Amino acid sequence: MAAIDYLERIPNNVGLAENRRLQRALEDWQPKFLQWWTDMGPDGFQARDAYLRTAISVDAQGWAKFGYVKMPDYRWGIFLAEPDADRRINFGDHKGDPAWQDVPGEYRGVLRRLVVTQGDTEPASVEQQRHLGRTCPSLYDLRNLFQINVEEGRHLWAMVYLLDAYFGRDGREESEALLERRSGDADKPRILGAFNEKTPDWLSYFMFCFFTDRDGKYQLASLAESGFDPLSRTCRFMLTEEAHHMFVGETGIGRMVQRTCELMREHKTDDVRRHGAIDLATMQKYINFHCSVSLDLFGSEVSTNAANFYTMGLKGRFEETKKPDDHRLKDATYPVVELVGDTIATREEPALVSLNERLRDDYVADCQRGVNRWNQVIKSHGIDVELRLPHRGFHRAIGAFADAKVSPDGRVVSEAEWDARHQEWLPTEHDRAFVASLMEPVTGRGQFANWIAPPARGINGQPVDFEYVRLA
Ligand SMILES: [Fe+2]
Ligand SMILES: [Fe+2]
């Protein structure tokens, strides 16, 4: 194949043109990536023009260029946030030392694992979402789906850049393996549980963006604090893109809530299924499901791995540098929720081993703010219903609650009560079949599926009825 024109095909600010070794590694990887994208990327739309944002540099003018592009021609670039020449390691045993520009030898294996675990989620979500385009509720939503998909593809490039540039042969092998695992595959699944779940419909998709992608935001924010400067700078730039993914999730659910409330008022009923929309009770079940599987992504409440990542200076806390403490945490404690027999209690644990729980707390608070905004929509329709996050012990597979049965409101329940009631708490086959029955594509300009309200405004100043994807 022809040599790649790096500046043109792979926009970057990592000096790719001058780095022959890295060029060779990426030259070898790129056709495999494109093959993966063809096989596992958005099904049925690869030849269509979509109105997408491409990052071509990290400054304000260059990181958000909008225009029509066919997804296989998307210019997946490699961008790191601008360097801070005096940057220090801000926490752990190396606090105060200059940030590492190369991988510290003693932490090589741990750091590679952190990069691979993050990297694995990026292609996984593209795989999970690959059939959604066929049932899009509008061209606007279709475009947002594709925007997220290409950006998750770019996030994969970002992690592969780190592996290829800093981890030698092992890094290149890991880069290949990232294209070989498959979401939900029994033999070669993705690394983390939530990334092997199905995303079969748009309700699940918006919930995924709100809950599961938000875990990504919190993991990236912690890695953005890393003493390994290339990882920090990579994650800082990824976070700018992640903001749009959060927006899609929150406003997607918000628009569904709005539409449901409109129909509840119009027909004076809670049962909007008869009117072709999704009732709030069903949305609550989806919240319970997606929130609980996403809480598992933060890992065990008490974790020596988390303590080690911190002490080594590899992974910090959310907004580490804003926290007013010693950033070493050797003597500090942190309240951790635990199960004592049939009751849920809080106990103080050493802060270092509690870092997963602490990040989960930051995450839950952020989720709650989104739920509050949905509840505002409900309230503004004069409807007396509140959506709620489930208790953190509900439906967990990892950590202190993995073996317990906990109701969404935080009661430890018997096996018998769980069996009798879990269908009230989690989506049933019947619920999923109903949601699936609504998933008919709506692709006329300015048209929206009956179960979702139009957005308040379009993308990049374009009108809501803009031709966001050209299907003809
Ligand atoms: Fe991502
Ligand atoms: Fe994302």
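Where a number appears in this text, it was derived from the coordinates with a stated rule and is not lab data. Every value quoted in this text rests on a predicted model; they were computed, and no experiment measured them. Don't worry about glycine lacking a Cβ; one is built from the backbone with ideal geometry, like all the others, and counts go over all protein chains shown.
Structure values in brief
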item	result
Relative contact order (percent, whole number), region 311-453, Cα cutoff 8 Å, 6+ residue spacing	13 percent
Among 129, 117, 157 the positive-end extreme of the charge dipole of region 89-188 (Cβ point charges)	129
Percentage, to the nearest whole number, of Cα pairs in region 1-120 over 23 Å apart	49 percent
Extended-chain gain in nm, criterion 0.36 nm per residue less alpha-carbon gap, residue 429 and residue 75	123.4 nm
Length added when fully stretched, residue 404-residue 117, from 0.36 nm per residue minus Cα-Cα	100.6 nm
Charge dipole (region 162-241, unit charges on Cβ, about Cα centre) - positive-most of 184, 211, 166	211
The chain, Rg to Rh (Cα coordinates; Rh as Kirkwood inverse mean 1/r)	0.97
Size of electric dipole in region 277-419: Cβ of Lys, Arg +1 and of Asp, Glu -1, about Cα centre, debye, nearest 20	480 debye
Residue 88 long-range amide H proximity, modeled H, under 5 Å	99
Trypsin sites (Lys or Arg not before Pro) within region 262-371: DSSP coil, no more than 15 neighbouring Cβ in 10 Å	268, 328, 330
Simple spin-label estimate for residue 243 and residue 101 in nanometres, 7 Å along Cα-Cβ	2.9 nm
Within the chain, helix-based [θ] at 222 nm, where runs of 4 or more DSSP H residues each add -39,500 (n - 2.57), nearest 500	-15000 deg cm²/dmol
Loop-located trypsin sites (Lys or Arg not before Pro) in region 154-234, at most 16 other Cβ atoms within 10 Å (DSSP)	198
Centroid-to-centroid separation of region 79-142 and region 220-283 [C-alpha atoms, Å]	21 Å
Residue 397/residue 21 FRET efficiency (R0 30 Å; Cβ-Cβ; nearest 0.05)	0.10
GluC sites (Glu not before Pro) restricted to region 315-374 and DSSP loop, no more than 12 other C-beta within 10 Å	319
Inter-probe distance in nm under a simple model that places probes 7 Å from Cα toward Cβ, at residue 422 and residue 465	4.8 nm
Residue among 288, 277, 304 farthest towards the positive dipole end of region 249-407, charges placed on Cβ	277
Cα-centred dipole magnitude for the chain, charges only on beta-carbon of K, R (+1) and D, E (-1), debye, nearest 20	880 debye
Cα-centre dipole for region 229-317 with unit charges at Cβ (Lys and Arg positive, Asp and Glu negative), debye to 20	80 debye
Nearest-0.05 FRET efficiency for residue 373 and residue 347, computed from C-beta distance (R0 30 Å)	0.35
